[in-house]
1. In this structure, does Ala17 turn out to be loosely packed, with under 14 Cβ neighbours inside 10 Å, out of contact with any helix residue (DSSP H, G or I) (no Cβ under 7 Å at 6 or more places or on another chain) and outside any strand (DSSP E or B)?
2. Does the range 125-134 include one or more residues that are assigned to a helix (DSSP H, G or I), closer than 14 Å to Pro210 by Cβ and in the same structural domain as Gly199 (by TED's automatic domain parsing)?
3. Which is of a type in the set (Gly, Ala, Ser) and closer than 30 Å to Pro234 by Cβ, of Ser61, Ser12, Ser33, Ser22?
4. Does the range 166-186 contain any residue that is of a type in the set (S, T, N, Q), at pLDDT 95 or above and closer than 17 Å to Val263 by Cα?
5. Looking at the range 25-63 only, could you name the residues that are exposed (fewer than 13 other Cβ atoms within 10 Å of the Cβ) and touching a residue at least 40 places away in the same chain (Cβ under 8 Å)?
6. If you check Leu207 against the conditions, is it among the aliphatic types (A, V, I, L, M), surrounded by 14 or more Cβ atoms within 10 Å (Cβ to Cβ), at pLDDT below 95 and assigned to a helix (DSSP H, G or I)?
7. Looking at the structure I just gave you, is Leu105 modelled with pLDDT of 60 or more and touching a helix residue (DSSP H, G or I) at 6+ places or on another chain (Cβ under 6 Å)?
8. Can you spot a residue in the range 181-192 that is among the aliphatic types (A, V, I, L, M), farther than 27 Å from Val114 by Cα and in the same structural domain as Leu107 (by TED's automatic domain parsing)?
Amino acid sequence: MRLIGHLQNEASARTFAGYLLSLDIRNEVEPDSDGWAVWIHSEDHIEAGRQALAVFTQNPSDPKYLRAAEAAASLAQTRRRENAATARRVRTSDQIWSSSGRTPLTLSLIGVCVLVTLFVGFNPTLRDVRGLLISEWTRGWLPEVRSGQIWRLITPIFIHFSPSHLIFNMLVLRDLGAIVESRQGTRKLALLIPVLALGSNLGQYILAGPAFGGMSGVLYGLFGYIWVRGQCDPASGLSLSSMTVVIMLVWFFLCLFGFLGDVANGTHAVGLAIGILWGAAPLARKFV
């Protein structure tokens, strides 16, 4: 900050500060031994601030200054209300999990994934886990499903191939699942999970065959849903931090271009697409 001058009384200082804000010049005024000091935040605005102060001191009672100050105060109040509304919508992980009793489905999904992993020891070739794969055959079109084993369309989401695979997915599920469940209820999450699992699993099966597993397709679906629904329908209470959005998208493309090894990119892409389309539903209704 840089000091650009002084004014003799608080009223003039407050009015001038508001006038500067109306010019998009961030500033502060504070009392000192010489009156009220005027400080400018940005070096780029020093000269403009000094010029404005010189003109102001020639006629501080000019009504334009008071009008500008009142307008700036009104705008600042509006921004504070908007920021407060955003803060109420955005919930941190600590806030969500302090009320974890409202997220039973999220906790249950994490529990099932952990139990399956403990049972099979990250080894999907075991006979015990083969019944959870979408299929055990590379030939034909889902022969087990067509014979009645419908659960295979969903159960690959419970299989994980390494400790890091499980831990990362469960941490993301903990946050994204709880956001939906705590804001929109368990029923909503219970509808999203099977649809996202079905779509992402079928997408990966079509693209690369049956040898896959993991919750990441569902997670990218939840991410896309929360992200887009929060933008299209702020009243939904769904919101993600910009950092979360960046991390999820960067991870998506790192996986897509092979930087992270053999990854089921089909589940990611299809899950994300379904989630985005579902999240954008309010926009579709506006044009129907």
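1. no
2. Within the range 125-134, one or more residues are assigned to a helix (DSSP H, G or I), closer than 14 Å to Pro210 by Cβ and in the same structural domain as Gly199 (by TED's automatic domain parsing).
3. None of the other options fit; the residue is Ser22.
4. yes
5. Of everything in the range 25-63, just one residue is exposed (fewer than 13 other Cβ atoms within 10 Å of the Cβ) and touching a residue at least 40 places away in the same chain (Cβ under 8 Å), namely Glu43.
6. Here the answer is yes, as Leu207 does meet what is asked.
7. Judged against the criteria, Leu105 is a match.
8. no
The values are calculated or read from the model by the stated rules, or taken from the named source; none is laboratory data. Worth saying up front: this structure is predicted, and the values here are computed from it rather than measured. Cβ coordinates were reconstructed from backbone atoms using ideal geometry, including for glycine residues, and neighbour counts include every protein chain displayed.
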